[in-house]
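Everything on this sheet refers to the single structure shown next.
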Amino acid sequence: MTQLVLKNVSKTYLVGDDRIDAVNDISLGIEKGEFLSIVGHSGSGKTTLLSIIGGIAKPSSGTVLFEGDDIYSLDGDRLSKYRCEKIGFIFQFASLFQNLTSVENVMLPVVFKARRDKTAGDEKKAVELLGMVGLGDRVNAYPSQLSGGQQRRVAIARAFMNDPGLILADEPTGDLDEETEAEMMRLFAGMNEERGITFVMVTHNTELARQCKRQMRMGQGFQVP
Amino acid sequence: MKAFNIHTFAIKNLKRRKFRTGVLAFSIALIVSVLVFGFSFIGSVGLGIKRASDRLGSDLIVVPVGARGYAEEVLLESKVKSFYMDKGLVERVKKVEGVDEVTYQTYLATLQGLCCDIPEATVVAFNQDSDFIVMPWLTKAIGRRLQKNEAIVGHESSLNIGLGLMDAVLFGARFTLLGALEKSGTGLDNAIFISDENVEEILRKGKSPLKPDQVSIIFVRVKSGYDPYNVGRAIEGEIVEADVVARTDIGKDTINALKDINMIFSITVFMASVLSALLAWAIFSATVNERLREAGIMRALGARESHIMRLFLTEVLIIGCIGSICGAVMGTALSVLLAKSFTLFKNLPVDLTVWDRLILGAAGFAAGTGICITGALAPIQRIKKMEPLFVIKGDAA
Ligand SMILES: Nc1ncnc2c1ncn2[C@@H]1O[C@H](COP(=O)(O)OP(=O)(O)OP(=O)(O)O)[C@@H](O)[C@H]1O
Ligand SMILES: [Mg+2]
């Protein structure tokens, strides 16, 4: 079964009397294990599209099917469960909690997952993930004690915490140097190859986009060839 | 690492925003302490008077015309006063319809050095045959009647005089002190009790202004089925030389005066409560943009509405509880410490029981926590309902 299917998805923002068609009639099928890159000018609707897929922005029209289920017809708690267990979101914006350490930030998705106290295993896993993004020595640092790129990497580690089937990465390497960027891409590729995790990644780096198995270009909310 | 869950998350949020947490907890503590203090004050006077008049066990008291205030001062505030009427009134009161039992007491003021060798106090001469006021306490204390030249002291005066003293000269006559009565919560706790068989000797010694056949106060029990007020009115109609006070009216002036204080106080407390709720609201609103983003991100990471609700409510409850507990303790401490510096309290033999204080403290606690939750609920509701993407981006720039 195709893991993710978008059928004629549109999203229109109303600002006063103006209508902004951020996403326009996009239809798309993504198989499990794919690695899709999305490129496009600023304001072309990439973040909006990713958010629709991730269950945090309801489309104005169209349907989103994940493993056959229409996610926007789910009730609130089921939709939360979808976000929690199926999706790993790496946001374009700063998204760490200032009052939590790196390792606590990474563990946060587990807190929302089940009605149980978190086990020592969860902490071990979080520390491992931080090691994988090169922050094994900063597990107890607060976000304010980290550089922008380091914060970004904590957010990357967090996305993998609940073993999601689909990672939605919105410019995940935007503020990283080339070397770290390459490291992160290797991490993604490894996760993609070894664990079969599907990736949808927004990037401005056309070189990076070209390396991906599949590419998509957006312009003014439309999918463009 | 300790367990990491919604509650530890909430605690970390509070710890890392110490100033905000502190201001809110402190304001809640203040309002709760005002509440507890205020109601302890009002409550102890009101309750004290009610308990004292109930403990007297008399439906009506009959006093000389114009002596009503004096009588209340003796019975409630343990002031030393003497006032007298003719003993013949006792028989006349007995004959009034509806009157069941009657007993009388004679109050004698001691003056140290002049007549007596103890500090100023009221000596109560009571009639042991008809008495229903003192006998219950007396039976508990010594299990028998007082003999001639024996005295027993009230609970408070035993503290003043000192229990070591075995003997005292009262109005020229020597008395053996048998011990102390248990606390009754009335003004009589400060008195010294003797049998009225001694009055004759005291008169003979001439060290008291008392004249023969005088009494100060007559206590009346009304037959069941009769309204004390009606019986009281009948007595007053029958005997022009006497004033009658019903049990429920004892201390009425004080209670009425207190009602006004109570009112002013309640309004002030109400306004202060609203103010605190607004403060809680303002503080939570002020951080709500920041919290909105956090909530949005949590939602995007898979948090349910209930998770957000729990996180914020936990924070509010912790602040509310800390503030309220501190406030309840502060208010109680304040009322205990200041109690004796109010003239109203100085003579009133009133004290809230531990139980009363616990109830007041608990009420203050509930009020404080309630105020906190009320104030914080609005932003929590708002945060809960918004679309995650919208709030995440809202403040990103
Ligand atoms: N909340 C909103 N209200 C109104 N318009 C919005 C809102 N969010 C986004 N838009 C508009 O929708 C369009 C698409 O926005 P989106 O954030 O998806 O772009 P993007 O491709 O991610 O851009 P960038 O590369 O700069 O991140 C833009 O024109 C933007 O102005
Ligand atoms: Mg974007």
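The values are calculated or read from the model by the stated rules, or taken from the named source; none is laboratory data. Just so you know, these numbers come straight off a predicted model, no measurement behind them. Because the Cβ atoms are built from the backbone with ideal geometry, glycine has one as well, and the counts that use them run over all protein chains shown. Ligands, DNA and RNA are excluded from the accessible area calculation, which covers all protein heavy atoms including side chains. Shrake-Rupley method; radii C 1.70, N 1.55, O 1.52, S 1.80 Å.
Multiplying the residue separation of A:GLU193 and A:ASP177 by 0.36 nm and removing their Cα-Cα distance gives an extension gain of 3.4 nm. Overall shape: rounded for segment B:43-159, with the ratio a/c of the largest to smallest alpha carbon gyration tensor axis below 1.5.
Which residues among segment A:1-17 fall inside the zone where the amide N is under 14 Å from a point 7 Å beyond the Cα of A:GLU31, along Cα→Cβ? Counting only backbone N, you get A:1-4. Charging the Cβ of each Asp and Glu at -1 and of each Lys and Arg at +1, and nothing else, the dipole of segment A:88-225 about its Cα centre rounds to 540 debye.
When chain B is treated as a GNM with alpha-carbon contacts under 10 Å, the residue of B:PHE126, B:PHE26, B:PHE37 showing the greatest mean-square fluctuation is B:PHE26.
Let me make sure I get this right: for chain B, a, b and c are the square roots of the gyration tensor eigenvalues over alpha carbons, sorted descending. Under 1.5 in a/c it's rounded, otherwise prolate if a/b > b/c, else oblate. Which is it? Prolate, because a/c is 1.5 or more and a/b exceeds b/c.
Averaging Cα coordinates gives a centre for segment A:134-163 and one for segment B:202-273; these two points are 78 Å apart. Once the dipole of segment A:25-132 is set up with Lys and Arg at +1 and Asp and Glu at -1 on Cβ about the Cα centre, which of A:LEU96, A:THR47, A:ILE26 lies farthest towards its positive end? With unit charges placed on the Cβ atoms, the residue in question is A:LEU96. The Cβ shell under 13 Å around A:ASP163 holds other residues with a net charge of +1, Lys and Arg each +1, Asp and Glu each -1.
Under a model in which nothing but the beta-carbon of Lys, Arg (+1) and Asp, Glu (-1) is charged, segment B:32-167 shows a dipole of about 120 debye around its Cα centre. With the highest mean first, a sort of the peptides B:63-69, B:41-47 on other beta-carbon atoms found within 10 angstrom per residue produces B:41-47, B:63-69.
Residues in segment A:43-50 carry Karplus couplings, in order, of x, 7, x, 5, 4, 4, 4, 4 Hz; the curve used is 6.51 cos²θ - 1.76 cosθ + 1.60 with θ = phi - 60°, and Gly or Pro positions show x.
Sequence-ordered 3J(HN,Hα) estimates for segment B:56-69 from the Karplus curve with 6.51, -1.76 and 1.60 and θ = phi - 60° stand at 5, x, 10, 7, 9, 10, 10, 9, x, 3, x, 9, 3, x Hz, glycine and proline given as x.
Extension gain, B:LYS12 to B:ALA333, is 112.4 nm, computed as 0.36 nm per intervening residue step minus the present C-alpha separation. Amide hydrogen proximity for A:VAL202: with H placed 1.01 Å from N in the peptide plane, the residues at 5 or more positions away or on another chain lying under 5 Å are A:ILE38, A:ALA169, A:ASP170, A:GLU171.
Could you count how many Lys pairs in segment B:57-249 have their Cα atoms under 16 Å apart, skipping same-chain pairs fewer than 8 positions apart? If you can, show how the numbers build up before the last one.
Numbers: B:LYS81/B:LYS211; B:LYS87/B:LYS95; B:LYS87/B:LYS211; B:LYS94/B:LYS223; B:LYS95/B:LYS223; B:LYS140/B:LYS183; B:LYS148/B:LYS205.
Lysine pairs, 8 or more places apart or on different chains, close enough: 7.
Check A:GLY219: other-chain or 5+ apart residues with amide H under 5 Å from its amide H, H built from backbone geometry? For A:GLY219, whose amide H was placed from the backbone, the distant partners under 5 Å are A:VAL224.
Just to confirm, what accessible area per residue do you get for segment B:57-249 at 1.4 Å probe, in whole Å²? Show your work: numbers first, answer last.
Values: 8350 Å² over 193 residues.
Dividing the accessible area of segment B:57-249 by its residue count gives 43 Å².
Amide H contacts of A:PHE35: A:PHE199, A:LYS213, A:ARG214, each under 5 Å away and 5 or more positions distant or on a separate chain (H built 1.01 Å from N in the peptide plane; Pro and chain starts excluded). Once you order the gyration tensor axes a ≥ b ≥ c over the Cα atoms, which shape class does segment A:68-225 get: rounded for a/c under 1.5, otherwise prolate or oblate by comparing a/b with b/c? It is oblate, given that a/c is not under 1.5 and a/b is not larger than b/c. Computed from backbone phi with θ = phi - 60° and the Karplus coefficients 6.51, -1.76 and 1.60, the 3J(HN,Hα) list for segment B:6-19 is 3, 6, 5, 4, 4, 5, 5, 4, 5, 5, 8, 10, 4, 5 Hz; x is used for glycine and proline.
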